[in-house]
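J.: Pasting a structure here, questions to come.
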There are 2 protein chains.
Amino acid sequence: MDREWNDSQPIYRQLRDRVVAMILDGVLKEGDSLPSVRNVAAEYRVNPLTVLKGYQELVDEGLVETRRGLGMFINAGARSMLLQGERQKFLGEEWPRIHATIQRLGLTAEELLKGATSRSSADATPSKSTEPNPSKEKG
Amino acid sequence: MDREWNDSQPIYRQLRDRVVAMILDGVLKEGDSLPSVRNVAAEYRVNPLTVLKGYQELVDEGLVETRRGLGMFINAGARSMLLQGERQKFLGEEWPRIHATIQRLGLTAEELLKGATSRSSADATPSKSTEPNPSKEKG
DNA sequence: TATACTGCTATAGTTAACTATAACACTATG
DNA sequence: CATAGTGTTATAGTTAACTATAGCAGTATA
């Protein structure tokens, strides 16, 4: 877990996404309590209200439940709901755009599957040519 | 070109990305003029200032040039600059996150990169199991 | 000169995201 | 009761994104 934020999306949403990731990864199990609003706020140096907002999204999605005075707990079935819902969202809304980008950049499956997970540098030296998609030739 | 916007990113940036896509796709060639600020603003029902802001990003990136009274024109070398820069950005910043998501959802990057293009419905029926990453077993 | 295109600036207002600070309400422990 | 942990609400301020509206400045044509 890095302590930094992406400028391309609001913090509260990134926060929500991290919890989702932790549930999917099994780091947080059903019945577990989420780290407290104040703790998270302190750890990430973020306003408690921002954390709360992220957590509330999870409540609204039915993934998490609040017990007053105790904390927030992951509901039973949260993970399978997530697996289904997030898959659908990803395949339907995100992947098409991503795939289009990949093709536009002339990147190959090989290229992407090579270093993939742990890599965060990037050589930008694809195996093909410099002319990726000479298909459309508008007049 | 659809006339709609994504809530996950500011309009001016999406606008910039569309022009970039058109350059990469060869729809807009070097030397060509961009559609005018006012035209785009009218067509997409968006404020001219928002369009201008998107265009200015392109100018700042050195992809586009302004000729007062005439319009904005795509610079020579814009496409190869883009191919290099966007590849690097994608491989270094976006793909690692995307790949992590794919794995979390129990999907395989291979499969997505193979078929995928024209699909936008989403079945949520991956070839593996329903338990994607049972690696971590926190106490 | 006038007309009609360009990019661009100026002014001003709305909304969403985020912030700081404080206090309230509930639960468990002592 | 007090204490210390939860989530939650209230108040108020900053910033970025977007909007509406108007006008300036340059270019080309007539």
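A short reminder: the numbers here are calculations on the coordinates, not readings from a lab. All figures in this text were calculated on a predicted structure; none of them were measured in a lab. Cβ sites come from the backbone with ideal geometry, for glycine too, and all protein chains shown count toward neighbours.
J.: Once the piece of chain linking A:Asp60 and A:Ala76 is laid out straight, how much longer is it, given 0.36 nm per residue of separation minus the C-alpha distance between them?
T.: My answer for the length gained is 4.3 nm.
J.: Another question about this same structure. Just tell me how shielded A:97-109 is by partners: mean number of partner chain Cβ atoms within 10 Å of each residue's Cβ, no decimals.
T.: Details: counts 2, 8, 7, 3, 9, 9, 3, 11, 10, 3, 6, 1, 5.
Shielding by partners across A:97-109 averages 6.
J.: Shifting gears a bit: Residues of A:81-87, mean number of Cβ from any other protein chain within 10 Å of their own Cβ, rounded to a whole number?
T.: Partner-chain Cβ atoms within 10 Å, mean over residues of A:81-87: 4.
J.: Step through the table entries A:Lys89/B:Lys53; A:Lys53/B:Lys53; A:Lys89/B:Lys29; A:Lys53/A:Lys89; B:Lys29/B:Lys114; A:Lys29/A:Lys89, compare each Cα-Cα distance with 25 Å, and write down the pairs that go over it. If you can, show how the numbers build up before the last one.
T.: Details: A:Lys89/B:Lys53 30 Å; A:Lys53/B:Lys53 30 Å; A:Lys89/B:Lys29 34 Å; A:Lys53/A:Lys89 21 Å; B:Lys29/B:Lys114 29 Å; A:Lys29/A:Lys89 22 Å.
Going by Cα-Cα distance, A:Lys89/B:Lys53; A:Lys53/B:Lys53; A:Lys89/B:Lys29; B:Lys29/B:Lys114 fall outside the 25 Å limit.
J.: Report the calculated FRET efficiency for A:Glu94 and A:Leu49 (r = Cβ-Cβ distance, R0 = 25 Å), to the nearest 0.05.
T.: Calculated value: 0.35.
J.: Let me ask you something else. Under the definition of partner shielding as Cβ atoms of other protein chains within 10 Å of a residue Cβ, what is the mean value for peptide B:69-76?
T.: Mean shielding by partner chains, rounded to a whole number: 0.
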